[in-house]
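The structure appears below as structure tokens.
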Amino acid sequence: MRRSGTWRRLASIGVVAVAASVGGCGGDDGGQPDTGFVADVASAVEAIEAERGPGQEYFEVTAGPQFTNVFVAVEDATAAIPYVYRDGQLEPPAPKLSGASGFTFTADAAEVDDTILATVLEELPEATVEALSIEGGDGGTVRYVVTARSPEGGVLEITVARDGSVLAVDPL
């Protein structure tokens with residue numbers, strides 16, 4: 001399925017929620033960026049699969065320093081159930097979002113580790129990484145998007161490969 005404008009707006013709400021809650025947060029290690037939230041992607045998906053059963057399909061998982069949003073595709077990917085994973089715990093789901101459509105992926109397609117941010121951090125050492133999003137792509141593939149803010153306040157959406165190599169950069 002192709003992502004519709006409706007789903008893009010719903011997914012953007014999750015990214016904006018993460019970005020708004022962490023904007024301006026820097027690292028707590030002598031100015032080094034806090035990227036430990038990347039591990040929360042796997043933890044959040046594991047928690048969803050433990051609660052809902054294995055083999056779930058996802059529209060998007062967006063992790064940031066304060067929490068991780070997970071949009072689980074339901075009803076043949078025509079609706080989404082949003083979850084928040086925070087402080088090692090999966091919170092109860094929010095109400096179902098109807099009218100969603102778009103590409104989905106399964107947990108095995110979304111393996112990530114800290115190397116996914118390596119190139120962004122190397123090329124933009126003073127930027128604050130605000131979020132890592134994993135979005136469904138055609139045929140169960142995924143798209144990795146890093147949201148980074150410069151010290152001057154500019155925000156970039158950086159599409160990266162699983163190995164962290166930069167594929168595209170779009171200012172927001």
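The values are calculated or read from the model by the stated rules, or taken from the named source; none is laboratory data. What you are looking at is a predicted structure, and each value in this text was computed from that prediction instead of being measured. With ideal geometry, Cβ positions are generated from the backbone for all residues, glycine too; neighbour counts draw on all protein chains shown. These area figures cover heavy atoms from the full protein model, side chains too; ligands, DNA and RNA do not enter into them. Shrake-Rupley method; radii C 1.70, N 1.55, O 1.52, S 1.80 Å.
Among the residues of segment 89-100 satisfying the criterion of being outside any strand (DSSP E or B) and in contact with a strand residue (DSSP E or B) (Cβ under 6 Å, 6 or more places away or on another chain), which is most open to solvent (accessible area, probe 1.4 Å)? Walk me through how you get there before you give the answer.
If we filter segment 89-100 for residues that are outside any strand (DSSP E or B), which is where we start, we get 91-96, 99-100.
Checking which are in contact with a strand residue (DSSP E or B) (Cβ under 6 Å, 6 or more places away or on another chain) leaves us with 91, 93-94, 96, 100.
On the way: GLU91: 60, PRO93: 62, ALA94: 46, LYS96: 97, ALA100: 5 Å².
This residue is LYS96.
Have a look at VAL22, VAL72 and point out the one that is open to solvent by less than 50 Å² (accessible area, probe 1.4 Å), modelled with pLDDT of 95 or more and of a type in the set (A, V, I, L, M).
Just one listed residue meets the conditions, VAL72.
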*Return a yes/no flag: does segment 101-121 have any residue that is of a type outside the set (Lys, Arg), open to solvent by less than 40 Å² (accessible area, probe 1.4 Å) and part of a strand (DSSP E or B).*
yes
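Quick one: would you say LEU156 is in a strand (DSSP E or B), over 21 Å from ALA39 (Cβ atoms) and open to solvent by 70 Å² or more (accessible area, probe 1.4 Å)? Reasoning before the result, please.
Working: in a strand (DSSP E or B): yes; over 21 Å from ALA39 (Cβ atoms): yes; open to solvent by 70 Å² or more (accessible area, probe 1.4 Å): no.
No: the conditions fail for LEU156.
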